[in-house]
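First comes the structure, then the notes that go with it.
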Amino acid sequence: MHANQPAFFKQGPKPLTRLMVFSALSLVLLISDARLHLLDKLRQQLTVLVYPLQWLATAPIDSAMQASDFLRRQTDLLAENRRLNEERLQASALAIRARALEAENAQLRELNNAAASQPVSRQLVKILYNGRDPFTARLIVDRGGDADIKPGQIVVDHRGVAGQIIRVHPLTSEVRLISDRDHLVPVMVERNQLRTIVYGMGRNQPLEVRYMPASVDIREGDILSTSGVDGIYPAGLPVARVTKVERQNGSAFARIFCVPLAQFEQHSYLLAINGAPAQAPYPETASAPAQASRKKH
Amino acid sequence: MPISSQLLRPVSFGFILFTFVLAFLGNLLPWQAALQGLTPDFVALMIVYWALHQPRRIGVGWAFALGLMMDVADGSYLGQHALAYGVIAYLVLARQRQFAIFPFWQQALITLVLLVLSQALMLATRMLLGDAFPGAGYFAGAPIAAVLWTPLSNLMLMHQRKPVSDEL
């Protein structure tokens, strides 16, 4: 009976069977991706399929913007040119100071017999688009494994830290912004060198400094810069400005909100730099001799 | 006008692929920064459309594959879109004969329910995996997609309504 069916009726397994199979497959994929992190290779291969579409979606708008730039009025360009010249002067003044400090630092390191610091590699990356996923604050940028981008590199703009690279595909990579939920940056208040941590609270939300006592010496307008204690963000990069400090009765902690200094929503180029140099391993405490003796390095 | 009462030209597979590519481009356009969730999920919309019109060609398997592509493009967990798209494709297929004879405005209502369901599935997945609720604006794309259903269906059927030459 079954074998005599005309070809028209042969449609393979029923939709419900297929749904079961593919749902099971989806769940397996979800668990192995989210919990076990097994699928990075597969993801990288699939991005190569998606990249032409990503390029096609962004290229026409880019070229239209370039055309409108081309047609922009002369006065605008003159004003911008003047402003950029001023900024360049200020930047070069800072750079001269930085160079002097660098030379001094190198000399001190030599005196101290310390290892030379790694050369900083800088790569200009272009934002392709905001990550579409509304649950996270991510950016997709146009450089990937082909341009030697590595996971863990830091992404900055001309004002401050924007985030870190967490996933590298052959042609693109993903940046996790500092405003992503529960993203932590160890920072230092520039005014009084107080060390603390800035938490992200989600896309387009302010950053928050948590678990500081109500009497803490942080004021509105304070600049927070990276302290470098995590081994991910190199020290001294500006991160955020404090906008609001709330001290509530009955709460042991002050609520401190800040805004990121980097304006990653407003322009399309960012700089990827190397993360902090590798740090010495965390010292094993003397109070846990049993563990220390078990681990042999 | 219900689709079943018209005589339509067959659809080439190239056309189906072309519309999916366009839907992907619609989803990947860099307008998310400005509109935050107000953009409809075009890929889900096309899956509903083609599962309704070409149930023998576009089914759960295609929805799964397109969902995987969307997961990669979005940087979300692999399987999140694939699961949601597979479920809505199945729901369309299960009642396809019924839905296909409905007028467009009723189909638009069904599409609204299906798209909200797909987003609710994704939301449930993400919340089970420990993410926070992104706000009610997350669902704003589905009503917009439902409003788009009638013009979109007319536009797509225009391609199939072209008069056949009299050589036959």
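The values are calculated or read from the model by the stated rules, or taken from the named source; none is laboratory data. Keep in mind that what you see is a predicted model, and the values were worked out from it rather than measured. Glycine also receives a Cβ, built like all others from the backbone with ideal geometry; neighbour counts cover every protein chain displayed.
Tabulated data for the structure shown
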| item | result |
| --- | --- |
| Residue check for A:Met1: loosely packed, with under 10 Cβ neighbours inside 10 Å and either modelled with pLDDT of 85 or more or outside any helix (DSSP H, G or I) (or both) | yes |
| Any hit, the stretch B:29-45, residues being within 19 Å of A:Pro13 (Cβ to Cβ), in contact with a Leu (Cβ under 7 Å, 6 or more places away or on another chain) and assigned to a helix (DSSP H, G or I) | no |
| Those residues of the stretch B:111-121 which are within 13 Å of the chain's Cα centre (by Cα) and touching a residue at least 24 places away in the same chain (Cβ under 8 Å), in sequence order | B:Thr111, B:Leu112, B:Leu114, B:Leu115, B:Val116, B:Leu117, B:Ser118, B:Gln119 |
| Odd one out for A:Asp40, checked against (1) modelled with pLDDT under 85; (2) within 29 Å of B:Ala73 (Cβ to Cβ); (3) at the interface with chain B (Cβ under 9 Å from one of its Cβ atoms); (4) out of contact with any Phe, Trp or Tyr (no Cβ under 8 Å at 6 or more places or on another chain) | (3) |
| Condition met for A:Arg132 (surrounded by fewer than 22 Cβ atoms within 10 Å (Cβ to Cβ), modelled with pLDDT of 90 or more and within 14 Å of chain B (Cβ to nearest Cβ)) | no |
| Given (1) crowded, with 23+ Cβ neighbours inside 10 Å; (2) farther than 22 Å from B:Trp149 by Cβ, number of the condition B:Tyr85 does not satisfy | (2) |
| All strands (runs of 3 or more DSSP E) inside the stretch A:156-224 with 1 or more residues being surrounded by fewer than 20 Cβ atoms within 10 Å (Cβ to Cβ) | A:161-168, A:184-189, A:195-199, A:207-213 |
| Of the criteria (1) among the small types (Gly, Ala, Ser); (2) at pLDDT 90 or above; (3) touching an Asp or Glu at 6+ places or on another chain (Cβ under 9 Å); (4) farther than 15 Å from B:Leu52 by Cβ, which one B:Ala124 fails | (3) |
| Selected residue [in contact with a helix residue (DSSP H, G or I) (Cβ under 8 Å, 6 or more places away or on another chain), modelled with pLDDT of 80 or more and among the aliphatic types (A, V, I, L, M)] from A:Ala98, A:Ala57 | A:Ala57 |
